[in-house]
Each structure stands twice: as C-alpha cells, then as structure tokens.
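Below is one structure, written out as structure tokens; comments come after it.
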Amino acid sequence: MSAAQLSLRRRLRERGLDGVTLLVLPGVLFVLALFIYPFIYGLVLSFHPKQGGWLANYQKFFTEPFLYETIWLTLQIAVPATLLNTVLSVPVALRVRLMKRQKLLTTILVIPITLGTVMVADGLLTYLGPRGWLNRILLDSGITDSPVRLIHNYWGVMLSLVISGFPFTFLLTLSYVTGIDPALEQAGAMLGAKSRQRFFRILLPLLAPGLAITLALAFVQAFTVFPSAILLGAPAGPTRVISIVAYQAAFEQFDYPLASAIAMLMALIQIVIIAALLGARTLVFRGPVSTGKG
Amino acid sequence: MHRSLGEKLWSFSIWAVVVFFVLNLLAMIGSVVVDSFGTHWFNTWVPAGFTPQWYVMAWEEFQLPEILIVTAEVVGAVVLISGVIGVPTAYAMARRNFPGKQLIMLLFLLPLLVPPITYGIPMATVLYQAHLAGTIWGVILANLVPTVPFVILIMIPFVEQIDPRIEAAARVFGAGLGRLFVQVLVPLLTPGILAALLLVLVRTIAMFELTFLTSGPTSQTLVVALYYAVFAAGVRSQQSIDAMAVVYMVTTLIWLLIALQFVNPTQIVTRAKQ
C-alpha cells in the first residue's frame, strides 16, 4: 500500500469513515431502493398522465367531485377521531401514571394495536351488528326499541378509529407524562397550587411538545384509514376516504399515474398538518423542557 | 392528601371512561370468540348451541394450511433479514460519527412515520414493474421497508450500552469484524436483538396494508386472507369468518405475550416513534 493511500485512509478515519462505518450501507441502500426511490418514481409518474398535459392528473383530482370530495370526507373522520383520542388520553394518562401496577392495563390496551385494523373491523361487525351484544344491551334495557345502526356507516369507522387509536395515543401520552419530573408538580402543590392550576400551569406546558407529536402521529394514522373504511363503513358514500380512491385508481382501473398523484397529495396533506402542529408547538411553549439545574 | 368532592368526581369519571373502554374492547373480542363456536345466534345473549364445526369449515374453505405456511415463511424471512441488515447498521450508527449521520437518521425515521398506505401505493407500483409483486419475495421486500429501520432504531441504544473497551480488547487479541460480531457483540446484544425481532414478528403478522398491496393469490398472509373473508361476507357464514379471526387472533396474541416478556407495552408504540 502506498503512502498516499495510507494517508487517505487516515484522513477518512479521522472524519469517522472506516470499515465499521460502511456497515450502514446495507441499511441505507435498502431504504433508498424501496422507500425513497418509489417515492420519487411515484412523483415523476404522477406528472406523466395517461392522457393530457403533465398536470392532468392533478387537474382531474381537483375538478372531479368524486375525487376531491374525498379530502373533506377523510378530514371529517380523521380530525374528530384524532382530537377525541388525544383529549381523552391526557387525563387518563395523568391518572394511570400514579398507579403502581400499570402493566395489566397497558397490556390490555396494546391488544387492539397488535391485532390491527382488519381484526378490529371484524370484531366490531360482530359486536356492533344488529344482533350483537351492544344492541342486545340497548334493546333489553329498553334504551332503544329497534337496533341502533352502527356498522356500514360513518360511526362504524369512527368507532374503529377510537378502538385502535385511543390505546395508541394513550400509550404515547403515558410515555411523555412519565418523563415529567414529579418533583415539579410537588413543588407546585407545596406552593399552594390546586390540581387544576398544576395541570394548566405546570403539566400542560411541559407536555405540549409531546402532545404535538402525539396529535401529528394520531392524525396521519387516522387520515390513512383504509381497511375499516371499506369493511365497517360505506365505501361508496360517507366513508369514501382518500386511500380508497388511491387504491381503486391503482388496482381496479390500473391508472398508476393517477394513483401516484393521489398518493402524493395524501403525503402533502400529511406533511402540511404535521408541519403546522410542530410549528404550533414552538409558538405555544418556548422555555426549556428538561429539569436540569439552571 | 385531602381531596375535594370535585376531584373525587373527576377521578371517578376518568376511571369510568377506562372501564367502559376496556369492557367494550373485551366484549368485541369475546363476541368473535363466542360466535365462532355458536350453532345459531339470533335474538339471544349466547348462541343456541356450541360446535367446533366452523373451525373445520374455515380450515378447508379458506385454505388455512397454505395461508399459515405462507405467513410463517414471510414472517420468518422478514425477521431474519431485518435482523441481518438492521443490527450491523445500528452498530455503525451507534459507534461512529460521520458527516451526514443526521440525514441518514432521518432516512431511517421516515418509513416509520409515513403511514404504509401512503408509500405502499408507489412502492407496489415499482414492485409490479420489477415483476416482484404478487410473489412471496415482493411481500417480503415490502414488509422489510418499515422493519429494517425499526430494528436499527431499537438496537442503537442497546449498542450504546456496551462498553467500547470490550470491543477494543477483542480487537487487540486479533478478532476481525466478523469474529467481533459473532463472538462478542451478538452474545452481548441478545436481549436487544430478541426484543427487536419479536416486535418485528408481531408487527409483520399484523401488517395488512403492505402485504395487501403486494400479494397475489399464492402469497396471501393470514391478515390479508381475513380481510378478503370479511370483505366477501355473505358468501360464507359469519361464524366461519369469526373462526378464522380467532385463529389469527391466537397466532398474534401468543407472540405478543412472548414479546411482552422482553419489552414494556408502552415501548411497542414509543420505540418506533422517538
């Protein structure tokens, strides 16, 4: 090996590049090939429509009510579900934090996440159906005279998003809540702050960054609701969400450019909402989050 | 601590919400199990009689043996490959600082943050062009997209916990990179690898979207077969669909219980979302 090669090696090593660093390559190449490349491919493909100019797919999406209405229909499901799950999670997580034996509850709540949306859809079809236990309770207790319709409509999808979404937001919020130093709240209590004041003046500001992330993740999950919108909802009507039309364009009409355009719009909407939420986080709270000595 | 009436009411109502949620969740699972064993179930609390016949029927009609074999093959390959790619990458990410490391970290975070259906449609398009979609290898590749970064992100803190002097000692005694991995790092990292791979296993069994978009008739996993069964409800009786759902549920929950011996339930959502 020549002296020039040796010194190049040494220079590279000083910058942290050696044989060990090369081990990142399989992982990086894999993600580039199967995640980044398809995304770029999809973006380029969306500008090569089957007919018309380069923007024809996007023009089609925003002129056909059948397509552009899906954004509104999806938001109508995703926004209430996200808000409900997150708002419920905060008080529950604050209470569960004080429990000594949390593991039983967290284990039960991790079950719907693990089972996945298809299983939850099948379960709710049986449980909420006209002959299911829920309607049995409502009928036998005399609350209603006829079975309540909760499947194959908006409410079926909404309830499935709560069953699998609430455990997700709860477990995420719990992990943020347990990261807050309990001494801060005790100090507040010692100085005479009531529990409501402690929540709004101490806990909520400290929780805000975590809540913004929870809201963002819960929203993108609800926004891309797919199997339950078909199985539990009315996929031709009020629950024709954006992922359904993207799927239909690709695998029923085989119009891959249009499907790619819809997928890119889905990604764009998600990015805008996430950026807005994470941007709001810095507006709400600018102080330090950690409890290090100042 | 003295608590006012308002605080007691507030605390009570929070517990009421939790209990109500858990009861509905258990009733949802319970009604699937009860229905799968029921003969006829109309306007009563429990079915008229109990029978195992729906399991026999589901076993034959839904071709469960083939589906279970495909599921085992896909899950096995995904677990193995994501471990082989993920662990060395995590090691390099934990031990070296190099230009562009932040960017690479972002690259590994993205597949975990973007929901599968969003990137799944362009990815399935590419896999169809490469004639891989519809085959079992297309399904395996698709499922690796979130699991490889998942293993990397879980393993980085585990690697950081190991004292680098142990590796230095192994190097001094002449171990190359390969021997360092096999004889020193893998034994030390076993708890982390076990936790990561068990979570990958549970997630892959339940991964619907990516498998659905890339599978063909001979490469369906259990969760996709369950989707088609529920989708075509009316063709077959609800009881045999529920019998299949119970088979799926038992498969998933056994592995979840094993995984929970090594990880905390909260980690299932948070590890991937750091």
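Each value in this text was obtained by applying a stated rule to the coordinates, not by laboratory testing. For clarity, every value in this text was computed on a predicted model and none was experimentally measured. Here Cβ is always computed from backbone atoms with ideal geometry, including for glycine, and neighbour counts include all displayed protein chains.
Among all lysine pairs in the protein assembly as shown that are eight or more places apart or on different chains, how many have alpha carbons less than 27 angstrom apart?
Step by step, the pairs that qualify in the protein assembly as shown add up to 9.
Counting other C-beta atoms within 10 Å, which of B:W41, A:W72, B:W10 has the fewest, and how do the rest follow?
Ranking B:W41, A:W72, B:W10 by Cβ neighbours within 10 Å, fewest first, gives A:W72, B:W10, B:W41.
Among A:P38, A:T82, A:T70, whose Cα projects farthest towards the positive end of the dipole of the stretch A:36-109, with charges put on the beta-carbon of Lys, Arg (+1) and Asp, Glu (-1)?
About the Cα centre, the residue reaching furthest to the positive side is A:T82.
Please work out the C-alpha center-to-center distance from the stretch B:12-79 to the stretch B:98-167 and express it in whole Å.
32
Looking at the calculated P(r) for the stretch B:28-109, what percent of the C-alpha pair distances fall above 19 Å?
65
For the stretch B:212-274 and the stretch A:32-91, what is the separation of their Cα centres, given in Å?
26
Extent of the protein assembly as shown along each principal axis, from alpha carbon coordinates, in Å, largest to smallest?
Projected onto the principal axes, the Cα atoms of the protein assembly as shown cover 90, 68, 52 Å.
If you rank B:F42, A:F223, B:F150 by fewest surrounding Cβ atoms within 10 Å, what's the result? Don't jump to the answer; show the numbers that get you there.
On the way: B:F42 7, A:F223 25, B:F150 22.
So the residues, fewest neighbours to most, are B:F42, B:F150, A:F223.
Is the stretch B:148-274 best put as rounded, prolate or oblate by its Cα gyration tensor, with a ≥ b ≥ c the root eigenvalues, rounded for a/c under 1.5, and otherwise prolate when a/b is larger than b/c, oblate when not? Walk me through the numbers before you get to the answer.
On the way: a/c = 3.41, a/b = 2.70, b/c = 1.26.
Prolate.
Among A:E14, B:E66, which comes first, then next, by fewest other beta-carbon atoms within 10 Å?
Ascending number of Cβ neighbours within 10 Å: A:E14, B:E66.
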